[in-house]
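See below for the structure under consideration.
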Amino acid sequence: MKEFALVLFSGGQDSTTCLAWALDRYDTVETIGFDYRQRHRVELDCRGPVRDALAAMNPRWTERLGADHVIDLGVLGQISDTALTSETAITMTSAGLPSTFVPGRNLLFLAFAGAVAYRRGIKRIVGGMCETDFSGYPDCRDDTVKAMQLALNLGMAQRFVIETPLMWIDKAATWRMAQDLGGEALVSLIVEATHTCYLADRSKRHEWGYGCGTCPACSLRAVGYRRFRGETVRA
Ligand code: ZN
């Protein structure tokens, strides 16, 4: 039986690795992205070129890559007051969470992914949530994702499986996974074409890609890359 997957694909390092992971495994792989008026909306512009480059990398992947769905979640930007959806400083909040945390974001993403998967007859939903390097985001936890899987299956009378291949690995291992899946070509594509920086800075090119180099997202990506290349780096 053919296996269909829908990948939450933002245009960043993690979701690009997840997309390659899914293309390696499943017969047809569709992608879904969300415009929630994120400060780093430039990541949305990375999606098309990254999809095209992945398809060009491997004939099997060309065949498997299916439709892309972009969902307008501007309403999330409207109701959120966070450093990811407005021009405010990235700090720690009194709740002990980074001000980049957008409450409800992954819950909404998974709910919309479930609705699209339902319509498209897709069983597997793949996301790059990660509990190891998760910046303390509670909606990246394995328990949250498992609870959403249960809620979607109950609420839509389906048997969705939410897969999170990065859940228990760190950023260095994510780079390694990309290398295992697509060799240096995939590592280079991720460096050149994906976007991670919260501040949407693409003016500086580092060995690990474009970004301001200092925001939490850049720091994680940089430390992970240097560890992946064999350097001893303190976080
Ligand atoms: Zn940055």
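The values are calculated or read from the model by the stated rules, or taken from the named source; none is laboratory data. All of these numbers come straight from a predicted model, not from anything done at the bench. Backbone-built Cβ (ideal geometry, glycine too); neighbour counts: all protein chains shown. Just so you know, the surface numbers come from the protein's heavy atoms only, side chains and all, with ligands and any DNA or RNA stripped out. Shrake-Rupley method; radii C 1.70, N 1.55, O 1.52, S 1.80 Å.
Points worth noting:
- Accessible area in the full protein assembly, largest first, 1.4 Å probe, for T82, T232: T232, T82
- Remark: the chain projects, on average over all directions, an area of 12.4 nm² (convex hull of Cα atoms).
- Averaged over residues, the count of other Cβ atoms within 10 Å places the peptides 107-115, 25-33, 51-59 in the sequence 25-33, 107-115, 51-59, highest first.
- Remark on F34: its backbone amide H falls under 5 Å from those of I71, a criterion applied only to residues 5 or more positions apart or on other chains, H modelled at 1.01 Å from N.
- The length gained by stretching the chain between R41 and A147 to full extension, at 0.36 nm per residue less their Cα-Cα distance, is 35.3 nm.
- Protein heavy-atom accessible surface, 1.4 Å probe, per residue over segment 4-228: 42 Å².
- Relative contact order of the chain, pairs being alpha-carbon contacts under 8 Å that are 6 or more residues apart, as %: 21
- Calculated [θ] (222 nm, deg cm²/dmol) that DSSP helices of n ≥ 4 give over the chain, each run adding -39,500 (n - 2.57): -14500 deg cm²/dmol
- Linear extension gain, Q78 paired with Y118, 0.36 nm per residue minus alpha-carbon span: 11.7 nm
- Accessible carbon and sulfur surface of segment 4-228 relative to its total accessible area, %, 1.4 Å: 53
- Accessible surface of C212, taken over heavy atoms with a 1.4 Å probe and every protein chain present, rounds to 20 Å².
- Amide H to amide H distances under 5 Å link D68 with T31, where only residues 5 or more positions off or on other chains count and H is placed in the peptide plane.
- In summary, the aspartates and glutamates within cross-link reach of K123, defined as a Cα separation below 17 angstrom excluding same-chain residues under 8 places away, comprise E3, D24, D27, E30, D68, E163.
- Residue ranges 117-128, 153-164, 178-189, 87-98 sort as 117-128, 178-189, 153-164, 87-98 when ordered by packing (mean number of other C-beta atoms within 10 Å per residue, highest first).
- Simple label model, 7 Å out from Cα along Cβ direction - S219 to I71, nm: 3.1
- Under the simplified labelling scheme, the S86-R205 pair shows an inter-label distance of 3.6 nm, with each label point 7 Å from Cα along Cα→Cβ.
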